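Everything below concerns the one structure shown next.
All of the numbers you see were taken from the coordinates with simple rules; none came from a lab. Given the structure is predicted, the values throughout are model-derived calculations rather than measurements. No Cβ is skipped: glycine too gets one built from the backbone with ideal geometry, and neighbour counts run over all protein chains shown.
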Amino acid sequence: MAGTGRCAQTSGSEVQDPQLINSLTVASAAHALKNPLEAMLDLVYLLKKSLELGLQEQLQECAHGLEKELERMRQIVNETLGNYREPPNPALISLSDIIDTILRFYDHKIAFKHIQVDRRYECDGLVKAFSEDLRQLFSNLVINALEALRLEGRLTIHIYESQDWCDTRRAGVRVVIADNGSGILREQRQRVFSQLFTTKGQKGTGLGLWVSAQIVHKHEGSIRFRSSTKRGCSGAVFSVFLPATADL
């Protein structure tokens with residue numbers, strides 16, 4: 001795909017204004033809550049369908065999914081209030097499991113748009129990380145791709161063992177999320193990872209990709225993208241590298 005690539009490997013510019021920091025904290029929490037809320041709406045839809053069809057096993061899965069999303073929301077609220085503590089140690093996380101869980105939550109959106117999902121998993125993608133962080137990171141990237149796609153669009157997710165392109169001695173896992181949507185305008189690309197920048201107008205918080213970049217930085221990884229708006233080959237590709245072991 002033609003286009004301009006960008007990389008975010010640092011924490012970005014620091015915000016010094018306390019009032020702006022508070023505003024960003026609240027806005028970031030609102031953005032973080034948006035994903036589980038949307039997942040819960042999808043689960044409620046599936047719950048109703050399962051009740052209509054008498055699918056007991058699917059009812060239990062939906063109830064379990066709702067319970068997990070409520071717990072996730074509780075953690076976000078507690079973190080915003082300053083009462084949340086991360087697990088003392090990161091755990092070994094399967095990125096393929098994280099991605100599959102996210103796709104399952106957005107199954108209704110995928111079906112509604114008749115989106116073709118191409119999963120290319122060359123490995124389980126095991127990394128040392130905080131699971132909720134990675135879930136937030138990849139939820140942001142997946143929902144952005146789904147919203148950018150037209151009817152009968154294509155979403156491709158590729159997970160494979162890789163190296164840090166800036167330091168080939170660092171081994172890890174790369175996750176590539178690509179869509180054939182409308183793409184990102186050239187004049188917007190330099191600001192994609194900036195705070196409060198959005199291409200969604202009033203619907204966006206302008207924090208999704210900025211938060212994603214912070215999470216990647218926290219896990220000592222890198223995030224890059226390339227995009228094209230050229231007719232016939234438009235779309236966006238985001239590449240996330242996470243080291244197999246990070247000093248967290």
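Observations
- Each of V176, V127 was scored by other Cβ atoms within 10 Å of its Cβ. Arranged with the fewest first, they read V176, V127.
- Label-point gap, in nm, between D124 and E57 - each point 7 angstrom along Cα→Cβ: 2.3
- Among R169, R150, the ranking by other beta carbons within 10 Å of each residue's beta carbon, starting with the fewest, stands as R169, R150.
- When Y45, Y121 are arranged by Cβ crowding within 10 Å, least crowded first, meaning fewest neighbours, the order is Y45, Y121.
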